[in-house]
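Asks: The structure is given below, and queries will be raised subsequently.
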Amino acid sequence: MTKSVSTEMQGDVAVIWIDNPPVNALSHHVREGIGRELGTARDEGAKAIVLAGRGGTFIAGADIREFGSPPKRPILYEVCDEIEACALPVVALIEGNTLGGGLEIALGAHYRITTPGAKLGLPEVNLGLLPGAGGTQRTPRLVSLEDALTLVTSGRPVSGKQAVAVGLADRLTGDAPLKDAIAFANEITALPHDALRLSKRTLELTPQIEEKFEAAMQLIKSKAKGAIAPVIAAGCVHNAFTMPFEEALTKERETFMELVVGDQSRGMRHMFFAERQSPKPPADVSGTPRDVKRVGVLGAGTMGGGIAMTYVEAGYPVTMLEMTEEALDRGLAKMEKNWARGIKSGRITAEGVAQRMGLISRTTSYDDLADCDLIIEAVFETMAVKKEVFGKLDAIAKQGAVLATNTSYLDINEIAAQTSRPEDVLGMHYFSPANIMPLLEIVRADKTADDVLLTALAVAKKTRKTPVIARVGHGFIGNRMLTPYLRQANLLVLEGASPEQIDKALTDFGWAMGPFAVSDLAGLDIGYKSRQDQELSEHEKRIYIAADRLVEAGHLGQKSGSGFYSYDPQTRARSVNPQAQTIIEQVRSELGINTREISDEEIVARTQFALANEGALVLEEGVAQRASDIDVVYNHGYGYPRWRGGPMRYAETVGLKKVAAMIADWADGSGGVHWQPSELLKELGESGKSFGDHEKEQGA
Ligand code: NAD
């Protein structure tokens with residue numbers, strides 16, 4: 001068996017190779033191997049050491065599978081210390097992804113040489129953690145406080161080029177990274193490297209540093225939106241200025257250990273694995289994806305425009321079809337404007353915008369879609385219109401073309417039946433704004449062919465979307481669950497809570513936006529119209545009387561300047577809308593409701609458990625494959641706090657038994673008609689099992 005860490009002498013320089021495919025993660029045998037090979041290098045009489053990774057990556061990070069199990073020595077910080085204490089100067093050759101523990105190893109070295117395109121970062125906060133092997137201590141000893149805080153608390157990597165600019169690395173390699181690293185090592189063999197041991201550097205807490213730190217901390221807290229790791233990590237960076245290295249390192253380690261067993265990190269690790277699971281095709285699906293070279297998009301409205309942008313960004317030529325030239329003008333102008341916004345910030349050049357626009361062909365004739373391999377429909381949300389469109393597509397689309405609908409709610413089996421090739425039809429449900437939101441619900445209709453499903457998964461990957469597979473059912477996964485969530489929010493208003501209180505309770509919980517702010521953003525007329533189109537029960541109608549009255553009085557949300565809130569025409573800042581208050585009070589009194597004080601806990605419980613309950617129904621019915629897929633949907637499509645791990649995971653954190661019991665109570669109470677308790681949730685609660693256990697039993 002080849003060793004995962006080995007030494008190769010190159011003249012006076014010992015190259016210690018780390019070889020742990022695919023990404024050279026710091027598994028236990030790698031940590032052990034590094035210490036051993038430092039000894040080998042000494043024994044071989046080397047004058048300097050180059051630490052390098054095989055396969056174009058230095059060390060991508062810790063071995064995430066080891067998180068949560070008892071640490072096995074040598075622990076990573078001990079390896080970093082050992083490298084730093086080495087009597088021979090050590091040069092880290094940074095290539096590819098050098099993240100987390102990988103960067104901490106590099107910080108233990110005395111010199112760092114990097115390829116310009118390497119990615120250096122400390123992404124631990126994305127898993128609810130902090131760099132636990134000296135990263136919060138060595139980074140501020142090498143770069144400015146601001147840069148250290150950004151690296152540690154944002155989790156965002158920098159390129160090799162940027163790393164040299166901020167002082168995180170010493171120099172850039174040319175075309176021959178290993179040769180350059182060895183040459184660098186030969187240059188420094190005779191130089192003393194005592195002063196390059198970062199742990200030996202002392203940092204002084206000046207009033208200016210303290211001031212900068214406080215200003216940065218404000219920003220970090222507001223960006224964290226309830227996530228604790230970035231704030232705690234920043235505190236550790238502060239320790240670098242107030243404590244001796246050893247003491248601060250111990251503190252960093254203790255803090256890491258507390259975070260790693262906490263709910264937030266568990267929730268974020270759950271998301272990490274959930275995201276890797278959701279793109280996997282179901283076990284009964286086999287075959288290979290169809291080739292997609294050109295994409296057709298029908299409708300250049302809100303969604304069609306965003307969808308077309310997504311494909312163009314990934315390099316696909318796109319044909320856009322609209323009903324009129326004017327609609328095409330409008331749609332394309334909006335896309336151009338969206339791209340052009342990035343010119344100012346330097347994200348894109350004017351040529352880049354022109355090049356993207358050049359990938360779009362426009363048409364009002366279906367015949368021009370005949371050469372498209374994938375056609376996505378994003379026209380009005382009406383069954384009659386969708387049927388007409390699919391009938392026309394059936395007549396002109398080439399054999400083997402995948403025909404997708406972006407419908408939000410409609411029955412895709414019915415749409416597919418309009419064609420002579422229902423096996424080529426499926427749902428590709430994007431979220432607004434489609435060029436930005438990562439989620440893609442792929443809806444597998446009853447007759448969708450395996451290779452059609454695989455094609456959708458393949459293009460999701462190419463266009464950098466997070467796919468989740470759903471089955472046909474009103475609103476699929478995400479929108480279906482939104483109904484009971486919004487139902488509870490609106491009921492709570494009738495019972496006495498204000499929209500402001502509800503939104504605040506839920507943003508405090510971690511949601512990006514509260515339900516009423518979101519409704520105002522989407523436009524209250526959308527829900528109004530959809531309620532008019534449905535046959536709602538009297539119970540259901542009552543819940544939305546206030547929302548309907550707002551629309552009838554011209555309060556459509558942000559677009560009309562007021563909805564549940566009023567909006568400043570210049571800044572769009574939200575404030576209380578007194579007219580909405582009046583309408584709500586009138587409705588309460590007409591319905592004879594005795595309002596009561598409602599606690600934030602009740603708001604959170606009723607709305608969040610409504611989501612989890614509907615999610616469990618979605619699972620029972622097989623509309624979603626896994627509870628973790630539902631969590632992905634809510635994180636990537638609806639602004640659910642990542643550190644809670646998603647609505648299903650949150651219910652597990654509270655305890656499924658408790659959640660099921662509370663739902664049963666509500667179902668027996670006065671608002672009982674609005675609850676349909678899930679049997680699955682109840683059973684899991686009673687048997688003490690998790691959603692994961694259930695899925696294992698089902699063989700998912
Ligand atoms: P929109 O009104 O902004 O755009 C629809 C466009 O389709 C219009 O430009 C219209 O001219 C065009 N159109 C209508 N009939 C057509 C036809 N027969 N042939 C060609 N073009 C036609 O609507 P939207 O918000 O983009 O929604 C489009 C679809 O996407 C709907 O099915 C909707 O449910 C779904 N969707 C919307 C959102 C959202 O947040 N807006 C999110 C997910 C899915």
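The values are calculated or read from the model by the stated rules, or taken from the named source; none is laboratory data. No experiment lies behind these values; they were computed from the predicted model shown. Cβ placement follows ideal geometry from the backbone for every residue including glycine, while neighbour counts extend to all protein chains displayed. For accessibility, only protein heavy atoms count, side chains too; no ligands or nucleic acids. Shrake-Rupley method; radii C 1.70, N 1.55, O 1.52, S 1.80 Å.
Residue-by-condition table, conditions (1) charged (D, E, K, R); (2) open to solvent by 40 Å² or more (accessible area, probe 1.4 Å); (3) in the same structural domain as Tyr77 (by TED's automatic domain parsing):
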| position | (1), (2), (3) |
| --- | --- |
| Lys200 | yes, yes, yes |
| Leu205 | no, yes, yes |
| Ala215 | no, yes, yes |
| Ala229 | no, no, yes |
| Ile232 | no, yes, yes |
| Gly235 | no, no, yes |
| Phe245 | no, no, yes |
| Leu249 | no, no, yes |
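Asks: Please determine, by comparing only the residues of the range 441-452 that are open to solvent by less than 10 Å² (accessible area, probe 1.4 Å) and under 20 Å from His636 (Cα atoms), which one is farthest from the ligand (Cβ to nearest atom).
Replies: Ile442
Asks: So Ile477 fits all but one of (1) open to solvent by less than 20 Å² (accessible area, probe 1.4 Å); (2) within 13 Å of Ile603 (Cβ to Cβ); (3) touching a strand residue (DSSP E or B) at 6+ places or on another chain (Cβ under 7 Å); what number is the exception?
Replies: Only one criterion is unmet by Ile477, namely (2).
Asks: Consider Val260 carefully, then state whether it is modelled with pLDDT under 95 and buried (at least 17 other Cβ atoms within 10 Å of the Cβ).
Replies: So Val260 fits the description; yes.
Asks: Further question: Which of the following residues is open to solvent by 60 Å² or more (accessible area, probe 1.4 Å), within 30 Å of Val261 (Cα to Cα) and either touching a residue at least 40 places away in the same chain (Cβ under 8 Å) or outside the structural domain of Pro677 (by TED's automatic domain parsing) (or both): Arg606, Arg572, Arg642?
Replies: One residue alone meets the criteria, Arg642.
Asks: Right, another one. Would you confirm, using the coordinates I've provided, whether Arg362 is of a type in the set (Lys, Arg), open to solvent by 40 Å² or more (accessible area, probe 1.4 Å) and part of a strand (DSSP E or B)?
Replies: yes
Asks: Ok, one more. Pick out the one residue from Asp373, Asp368 that is open to solvent by 50 Å² or more (accessible area, probe 1.4 Å) and under 19 Å from Tyr316 (Cβ atoms).
Replies: Asp368
Asks: Right, something else. Hey, among Arg626, Arg596, which residue is over 30 Å from Arg444 (Cα atoms) and open to solvent by 10 Å² or more (accessible area, probe 1.4 Å)?
Replies: Of the residues listed, the single one that is over 30 Å from Arg444 (Cα atoms) and open to solvent by 10 Å² or more (accessible area, probe 1.4 Å) is Arg596.
Asks: Could you look through the range 314-353, keep only residues that are surrounded by 12 or more Cβ atoms within 10 Å (Cβ to Cβ) and small (Gly, Ala, Ser), and pick out the one that is nearest to Ser432 (Cα to Cα)?
Replies: My answer is Gly331.
Asks: List pairs: first residue in the range 346-362 and at pLDDT 95 or above, second residue β-branched (Val, Ile, Thr) and open to solvent by less than 60 Å² (accessible area, probe 1.4 Å) anywhere in the structure, Cβ distance under 6 angstrom, at least six positions apart or on different chains.
Replies: Arg356/Val312; Leu359/Val312; Ile360/Val318; Ser361/Thr319
Asks: Could you identify the single residue in Gly557, Gly510, Gly563 that is touching a helix residue (DSSP H, G or I) at 6+ places or on another chain (Cβ under 8 Å), crowded, with 21+ Cβ neighbours inside 10 Å and on the phi > 0 side of the Ramachandran plot?
Replies: One residue alone meets the criteria, Gly557.
Asks: Same structure again: Which residue, of Gly305, Gly301, Gly287, is surrounded by fewer than 22 Cβ atoms within 10 Å (Cβ to Cβ), at pLDDT 95 or above and within 9 Å of the ligand (Cβ to nearest atom)?
Replies: After applying the criteria, what remains is Gly301.
Asks: Six or more apart or on different chains, Cβ atoms under 9 Å: show the pairs whose first residue is in the range 401-424 and more than 13 Å from Lys387 (Cβ to Cβ) and of a type in the set (Ser, Thr, Tyr) and whose second is more than 11 Å from the ligand (Cβ to nearest atom) and open to solvent by 20 Å² or more (accessible area, probe 1.4 Å).
Replies: As it stands, the answer is Tyr409/His474; Tyr409/Arg480; Ser420/Asp394, since those pairs meet every condition given.
Asks: Taking into account only those residues within the range 86-97 that are in a loop (DSSP other than H, G, I, E, B) and within 30 Å of the chain's Cα centre (by Cα), which is surrounded by the fewest Cβ atoms within 10 Å (Cβ to Cβ)?
Replies: Gly96
Asks: Restricting to the range 156-207, what's the tally of residues that are free of Cβ contacts under 8 Å to residues at least 24 places away in the same chain, touching a helix residue (DSSP H, G or I) at 6+ places or on another chain (Cβ under 8 Å) and assigned to a loop (DSSP other than H, G, I, E, B)?
Replies: 1
Asks: Something else about it: Residues being closer than 24 Å to His238 by Cβ and open to solvent by 40 Å² or more (accessible area, probe 1.4 Å): count how many of those fall in the range 163-194.
Replies: The qualifying residues number 1.
Asks: Tell me which of these Ser278 doesn't satisfy, since it passes every other one: (1) open to solvent by less than 20 Å² (accessible area, probe 1.4 Å); (2) within 16 Å of the ligand (Cβ to nearest atom); (3) among the small types (Gly, Ala, Ser).
Replies: (2)
Asks: Now for a different question. Applying the selection to the range 397-440, what residues are under 21 Å from Lys293 (Cβ atoms), of a type in the set (A, V, I, L, M, F, W, C) and away from the ligand (no atom under 13 Å from the Cβ)?
Replies: Within the range 397-440, Ala397, Ala401, Val402, Leu403, Val425, Leu426 qualify.
Asks: Here's a follow-up. Go through the range 529-545 and report how many residues are loosely packed, with under 14 Cβ neighbours inside 10 Å, more than 34 Å from the chain's Cα centre (by Cα) and either at pLDDT 90 or above or part of a helix (DSSP H, G or I) (or both).
Replies: So the count comes out to 5.
Asks: Yes or no: Leu410 surrounded by fewer than 21 Cβ atoms within 10 Å (Cβ to Cβ) and of a type in the set (A, V, I, L, M, F, W, C)?
Replies: So Leu410 passes the test.
Asks: Please return the ranges of strands (runs of 3 or more DSSP E) entirely within the range 1-85 where 3 or more residues are aliphatic (A, V, I, L, M) and in contact with a helix residue (DSSP H, G or I) (Cβ under 7 Å, 6 or more places away or on another chain).
Replies: Per the criteria, 13-18, 48-53.
Asks: Next question, about the same structure. If you go through the range 659-680 one residue at a time, do you hit one that is among the β-branched types (Val, Ile, Thr) and without any contact (Cβ under 8 Å) to a residue 60 or more places away in the chain?
Replies: yes
Asks: So if I check each of Val389, Val385, which one is assigned to a helix (DSSP H, G or I), open to solvent by less than 30 Å² (accessible area, probe 1.4 Å) and within 12 Å of the ligand (Cβ to nearest atom)?
Replies: Unique residue meeting the criteria: Val389.
Asks: Let me ask something else. Filter the range 308-333 down to the residues that are out of contact with any Asp or Glu (no Cβ under 6 Å at 6 or more places or on another chain) and near the ligand (Cβ under 10 Å from one of its atoms) and list them by number.
Replies: Within the range 308-333, Met320, Leu321, Glu322, Met323, Thr324, Glu326, Ala327, Arg330, Gly331 meet the criteria.
Asks: Working only within the range 453-473, note down all residues that are open to solvent by 30 Å² or more (accessible area, probe 1.4 Å) and over 22 Å from the mean Cα position of the chain (by Cα).
Replies: Matches in the range 453-473: Arg471, Val472.
Asks: Moving on to the next point. Determine the pairs where a residue that is basic (Lys, Arg), located within the range 323-343, has a partner that is more than 9 Å from the ligand (Cβ to nearest atom) with Cβ atoms under 9 Å apart, the partner being 6 or more residues away or on another chain.
Replies: Once the first residue is basic (Lys, Arg) and sits in the range 323-343, its partners that are more than 9 Å from the ligand (Cβ to nearest atom) give Arg341/Arg347; Arg341/Ile348.
Asks: Of the residues that make up the range 479-497, is at least one assigned to a loop (DSSP other than H, G, I, E, B) and within 19 Å of Ile526 (Cα to Cα)?
Replies: For the range 479-497, residues assigned to a loop (DSSP other than H, G, I, E, B) and within 19 Å of Ile526 (Cα to Cα): absent.
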